[in-house]
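Q: Right, I'll just put the structure down here and ask away after.
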Amino acid sequence: MQLQGQVAVVTGAGSGIGRAIALAFAREGASVGIADIAADGAQKVAAEIEAAGGTALAVTMDVTDEAMVNAGVDRIAERFGRLDAMVANAGIQIVHPIEEFPYEEFRRVVDIHLGGSFLLTKAAVRHMYPKKRGALIYMGSVHSHEASALKSAYVAAKHGILGLARTMAKEGGKHGVRSNVICPGFVRTPLVEKQIPEQARDLGISEEEVVKNVMLGRTVDGEFTTLEDVAALAVFLAGFRSAALTGQSITASHGWYMG
């Protein structure tokens, strides 16, 4: 069990990628703080972990609310006595051509992805630095490295996460804290499912063409990245034993992006 005795907080853990990571962490022996803006979702995942013999705590958290992020992280650290890893995973997707993109929607995407990652980091390192150890894991995307049409807000936020993570690798190094980014390709989550009809509408193509050509056309095998793929990378990064791996982005995209 790679994470035996560790404590982690995962945001957006009530569903999708966050849920998969939380379950994988628990299977590997970690106590997991399940943070999500949807209290019911967080409670269900925590109950699922507990029913399987693991340890979890559900925390309602809006990652754009600094007081709520601080309180949630502090509660997890106090409950389990430490904090070893954080996964900044909470996110949304809104797509529009730039000329039709409402600024309030642009800001919302950036605030949740990038602002939420910043606030979670700020809260987490207060517990990690005194212990001289910790793993900061950020959920980037293939769009952290390369743009796609209609996604100005998402691409800007995901590029920003690379900068935040690299800065934290430099700041955290002297405190024994590592910082890395997971950059998945298209994972068939509710977030991606929502994009299919939206992109079909905005690009003037069928939903089948969105999946085959836009989402998977550049992969080597025409396959979606899976929840399990991403969760396995998160476990690997949380359990890595030295600062040999810090300030890096790891892309799991079936070759959609190679760099």
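The values are calculated or read from the model by the stated rules, or taken from the named source; none is laboratory data. This is a predicted model, so every value here is computed, not measured. A quick note on method: Cβ atoms are made from the backbone with ideal geometry, for glycine too, and the neighbour counts reach across all protein chains shown.
Q: Which residue is surrounded by the most Cβ atoms within 10 Å (Cβ to Cβ), if the candidates are limited to segment 1-16 and must be over 22 Å from Met68 (Cα atoms) and of a type in the set (A, V, I, L, M, F, W, C)?
A: If we take residues in segment 1-16 being over 22 Å from Met68 (Cα atoms) and of a type in the set (A, V, I, L, M, F, W, C), then Leu3 is surrounded by the most Cβ atoms within 10 Å (Cβ to Cβ).
Q: Pick out the one residue from Leu162, Leu114, Leu120, Leu191 that is in a helix (DSSP H, G or I), touching a strand residue (DSSP E or B) at 6+ places or on another chain (Cβ under 8 Å) and under 29 Å from Val210 (Cα atoms).
A: Leu162
Q: Same structure again: Inspect segment 88-105 for any residue being in contact with a strand residue (DSSP E or B) (Cβ under 6 Å, 6 or more places away or on another chain) and assigned to a loop (DSSP other than H, G, I, E, B) and give the result as yes or no. Give the steps one after another, and end with the answer.
A: At the first step, the residues of segment 88-105 found to be in contact with a strand residue (DSSP E or B) (Cβ under 6 Å, 6 or more places away or on another chain) are 88-90.
This time we only want the ones that are assigned to a loop (DSSP other than H, G, I, E, B), so: 89-90.
The answer is yes; a qualifying residue exists.
Q: Name the pairs whose Cβ atoms lie under 9 Å apart, with the first residue in segment 43-65 and closer than 17 Å to Gly91 by Cα, the second of a type in the set (Asp, Glu) and surrounded by fewer than 24 Cβ atoms within 10 Å (Cβ to Cβ), and 6 or more positions between them or separate chains?
A: Every condition considered, the pairs that remain are Val63/Asp111; Thr64/Asp111.
Q: Any idea which of Val32, Val69, Val63, Val87 is crowded, with 24+ Cβ neighbours inside 10 Å, more than 21 Å from Ala231 (Cα to Cα), touching a helix residue (DSSP H, G or I) at 6+ places or on another chain (Cβ under 7 Å) and not aromatic (Phe, Trp, Tyr)?
A: Testing whether each residue is crowded, with 24+ Cβ neighbours inside 10 Å, more than 21 Å from Ala231 (Cα to Cα), touching a helix residue (DSSP H, G or I) at 6+ places or on another chain (Cβ under 7 Å) and not aromatic (Phe, Trp, Tyr) leaves just Val69.
Q: Let me ask another. Could you list, in sequence order, the residues of segment 90-132 that are over 30 Å from Pro197 (Cα atoms), in contact with a His (Cβ under 8 Å, 6 or more places away or on another chain) and crowded, with 18+ Cβ neighbours inside 10 Å?
A: Within segment 90-132, Val125, Met128 meet the criteria.
Q: Report the residue count in segment 167-220 for those that are over 21 Å from Gly18 (Cα atoms), assigned by TED's automatic domain parsing to the domain that holds Gly91 and not hydrophobic (A, V, I, L, M, F, W, C).
A: Looking only at that region, the number is 8.
Q: Anything in segment 177-191 that is in contact with a helix residue (DSSP H, G or I) (Cβ under 8 Å, 6 or more places away or on another chain) and surrounded by fewer than 18 Cβ atoms within 10 Å (Cβ to Cβ)? List them, or say none.
A: Pro190, Leu191 - these are the residues of segment 177-191 that are in contact with a helix residue (DSSP H, G or I) (Cβ under 8 Å, 6 or more places away or on another chain) and surrounded by fewer than 18 Cβ atoms within 10 Å (Cβ to Cβ).
Q: Now for a different question. If only one of Ala42, Ala67 is in the same structural domain as Val230 (by TED's automatic domain parsing), aliphatic (A, V, I, L, M) and over 28 Å from Ser249 (Cα atoms), which one is it?
A: Numbers: Ala42 fails: over 28 Å from Ser249 (Cα atoms).
Checking each option against the conditions leaves just Ala67.
Q: May I ask you to list the residues in segment 218-252 that are acidic (Asp, Glu) and assigned to a loop (DSSP other than H, G, I, E, B)?
A: Within segment 218-252, Asp221, Glu223 meet the criteria.
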